[in-house]
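**Q** Pasting in a structure now, in structure tokens, and then I'll have a few things to ask.
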Amino acid sequence: MKRISVFDTTLRDGEQTPGVSFPINYKIQIAKQLDKLGVDYIEAGFPVASKGEFEAVKTIVNLDLDSKICGLARIVKEDIDSALDSGVDLVHIFISTSKIQIDYTIKKSREEIINDSVEAVEYIKDHGRECMFSAMDATRTEIDYLKEIYKAVEEAGVDIINVPDTVGVATPFRFHNLIKELREHLKVPIDVHCHNDFGLAVANTHAAVLAGADQVQVTVNGIGERAGNASLAEVVMILKSLEGIETNIRTEYLVETSRLVERFTGFRLPPNTPIVGDNAFSHESGIHAHGVIKEASTFEPGVITPEMVGHRRRIVIGKHAGRHQIKKMLEDAGYIVNEEDLTKIFEKVKELGDKGKKVTDLDLFTIAEVVIGEL
Ligand code: KIV
Ligand code: ZN
């Protein structure tokens, strides 16, 4: 089974999240963390965008990380030269190919778009760099034209083609068919870049890999334009745990990486976020907690453990808590309680839960100490 390459765009599409802008020291720390995590490519930014952006990309290139560094460029000489000057390993060029975007934004003929793309690929390859080509809005592009432009850049020597679902309108079944058709038409590695407008970015990325895609574009915590991009942690763990498909990601750093980006963006993840959210391995219901205490896979998927992603399992006390769960938590914390005291503690916890109160571990221990008479 082939390994899937992970292309992280937290520092480029992720930074296009409304309200997010990383100062250079944040960009450097995120790049180092992504390298520690083991991503194959870090899209460090869009060098032509500003002086600061150019400096940030160049600084990340000079960190000499194991991950390869990529810079984004429109199919415009100034953009491509700026990316080349920043020293990136891979220049990611993009151009609109859908009718709606051609008509309203670039206003070029389809032939011109193909010729400009081919010339850009040749120019980048002549400078000894890798080149990735994105047909922007691929999922709303007429299929024959899409195949024609990808074939033309393949013949020009492109290293990777990217299929962006720019406005997030793909669905897993249709995206699977599109990637399969492109896979049969092309020899060059295929990368996918999915947006989450309908909450399908991860599902579409998964479907694309099953259809033969070689590389996935993801961001930490799924940040990115509008509703964001496919979440790195979710895509990697779906491939690993549900499909047995490996990447180079050291999954034990997934939570640590997520927390760093949470801190630098200022966007707190909802606790029920899959894989890395606070509640991803937390159990409150007595029935679940009782099962999990005996054997974790009774009420967890089993093919993924908290340790695999750098998380921890938590038994949370609330009004759904069971006696067994409370007893186990108290015993783990060193309290020895008889059955009578346990009943009193149990009732107090339920009483607080019914009043809508959150019962923290500390609350539980305080209740226990009051009941036992230590307070
Ligand atoms: O969403 C998109 O199409 C992009 C391109 C630059 C690949 O981000
Ligand atoms: Zn995008």
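**Q** Of the residues K51, K125, K108, which single one is without any contact (Cβ under 8 Å) to a residue 24 or more places away in the chain, out of contact with any helix residue (DSSP H, G or I) (no Cβ under 8 Å at 6 or more places or on another chain) and over 23 Å from V218 (Cβ atoms)?
**A** Exactly one of K51, K125, K108 is without any contact (Cβ under 8 Å) to a residue 24 or more places away in the chain, out of contact with any helix residue (DSSP H, G or I) (no Cβ under 8 Å at 6 or more places or on another chain) and over 23 Å from V218 (Cβ atoms), namely K51.
**Q** Could I ask something else about it? Residues of the range 164-180 being away from ligand 2 (no atom under 16 Å from the Cβ) and either surrounded by 16 or more Cβ atoms within 10 Å (Cβ to Cβ) or outside any helix (DSSP H, G or I) (or both), which ones?
**A** Narrowing the range 164-180 to residues away from ligand 2 (no atom under 16 Å from the Cβ): 171-174, 176-180.
Result: T171, P172, H176, L178, I179, K180.
**Q** Within the range 244-261, which residues are small (G, A, S) and out of contact with any helix residue (DSSP H, G or I) (no Cβ under 7 Å at 6 or more places or on another chain)?
**A** If the condition is that a residue be small (G, A, S) and out of contact with any helix residue (DSSP H, G or I) (no Cβ under 7 Å at 6 or more places or on another chain), then G244 is the only one that fits.
**Q** Kindly indicate whether any position in the range 337-351 is of a type in the set (A, V, I, L, M) and either under 26 Å from E256 (Cα atoms) or within 36 Å of the chain's Cα centre (by Cα) (or both).
**A** Within the range 337-351, none of the residues are of a type in the set (A, V, I, L, M) and either under 26 Å from E256 (Cα atoms) or within 36 Å of the chain's Cα centre (by Cα) (or both).
**Q** Still on this model: May I ask you to list the residues in the range 13-45 that are buried (at least 24 other Cβ atoms within 10 Å of the Cβ), within 16 Å of ligand 1 (Cβ to nearest atom) and on the phi < 0 side of the Ramachandran plot?
**A** G14, E15, Y41, I42, E43, A44
Table: residues versus (1) of a type in the set (D, E, K, R); (2) more than 18 Å from E154 (Cβ to Cβ); (3) within 16 Å of ligand 2 (Cβ to nearest atom).
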{"residue": "D89", "(1), (2), (3)": "yes, yes, no"}
{"residue": "I95", "(1), (2), (3)": "no, no, yes"}
{"residue": "K99", "(1), (2), (3)": "yes, yes, no"}
{"residue": "I102", "(1), (2), (3)": "no, yes, no"}
{"residue": "E111", "(1), (2), (3)": "yes, no, no"}
{"residue": "I114", "(1), (2), (3)": "no, no, no"}
{"residue": "E119", "(1), (2), (3)": "yes, no, no"}
{"residue": "G128", "(1), (2), (3)": "no, yes, no"}
{"residue": "F133", "(1), (2), (3)": "no, no, yes"}
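Rundown of residues vs (1) more than 24 Å from C131 (Cα to Cα); (2) of a type in the set (D, E); (3) within 13 Å of ligand 1 (Cβ to nearest atom), yes/no style:
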position	(1), (2), (3)
I190	no, no, no
Q217	no, no, yes
V220	no, no, no
E225	no, yes, yes
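**Q** For S21, which of the numbered conditions (1) under 25 Å from T166 (Cβ atoms); (2) modelled with pLDDT of 95 or more; (3) more than 15 Å from ligand 2 (Cβ to nearest atom) fails to hold?
**A** In the conditions (1) under 25 Å from T166 (Cβ atoms); (2) modelled with pLDDT of 95 or more; (3) more than 15 Å from ligand 2 (Cβ to nearest atom), S21 misses (2) alone.
**Q** Would you mind finding the one in D66, D40 that is more than 19 Å from N229 (Cα to Cα), more than 16 Å from ligand 2 (Cβ to nearest atom), of a type in the set (D, E) and at pLDDT 95 or above?
**A** D66
**Q** Within the range 54-66, identify whether any single residue is within 16 Å of ligand 1 (Cβ to nearest atom) and under 26 Å from V235 (Cβ atoms), and answer yes or no.
**A** There is at least one residue in the range 54-66 that is within 16 Å of ligand 1 (Cβ to nearest atom) and under 26 Å from V235 (Cβ atoms).
**Q** Sort out which residues of the range 46-71 are crowded, with 16+ Cβ neighbours inside 10 Å, within 14 Å of Y26 (Cβ to Cβ) and of a type outside the set (A, V, I, L, M), and write them in order of number.
**A** E53, T59
**Q** Taking only pairs six or more apart or across chains, which ones have beta-carbon atoms under 8 Å, a first residue in the range 355-366 that is within 15 Å of D332 (Cα to Cα), and a second residue that is among the hydrophobic types (A, V, I, L, M, F, W, C) and in a helix (DSSP H, G or I)?
**A** What qualifies is D361/M329; L364/I326; L364/M329; L364/L330; L364/I345; L364/V349; F365/L330.
**Q** Now for a different question. What residue, among those in the range 135-158 that are within 23 Å of the chain's Cα centre (by Cα) and not polar (S, T, N, Q), is nearest to ligand 2 (Cβ to nearest atom)?
**A** Per the stated criteria, the residue is M136.
**Q** Which of the residues belonging to the range 128-146 are touching a helix residue (DSSP H, G or I) at 6+ places or on another chain (Cβ under 9 Å) and within 14 Å of ligand 1 (Cβ to nearest atom)?
**A** First, the residues of the range 128-146 that are touching a helix residue (DSSP H, G or I) at 6+ places or on another chain (Cβ under 9 Å): 129-131, 133, 135-143, 145-146.
Result: C131, F133, A135, M136, D137, A138, T139, R140, T141, L146.
**Q** Select, from I161, I124, I100, I149, the only residue that is within 15 Å of ligand 1 (Cβ to nearest atom) and under 30 Å from K51 (Cα atoms).
**A** I161
**Q** Still on this structure: For the range 357-375: of the residues being closer than 14 Å to A321 by Cα and of a type outside the set (D, E, K, R), which is surrounded by the fewest Cβ atoms within 10 Å (Cβ to Cβ)?
**A** Looking at residues that are closer than 14 Å to A321 by Cα and of a type outside the set (D, E, K, R), I get T360.
**Q** Would you mind finding the one in H288, H320, H311 that is in contact with a Phe, Trp or Tyr (Cβ under 6 Å, 6 or more places away or on another chain) and part of a loop (DSSP other than H, G, I, E, B)?
**A** H311
The values are calculated or read from the model by the stated rules, or taken from the named source; none is laboratory data. Quick caveat, the model's predicted, so the values are computed rather than measured. Reconstructed Cβ throughout: ideal geometry from the backbone, glycine too, with neighbour counts over all protein chains shown.
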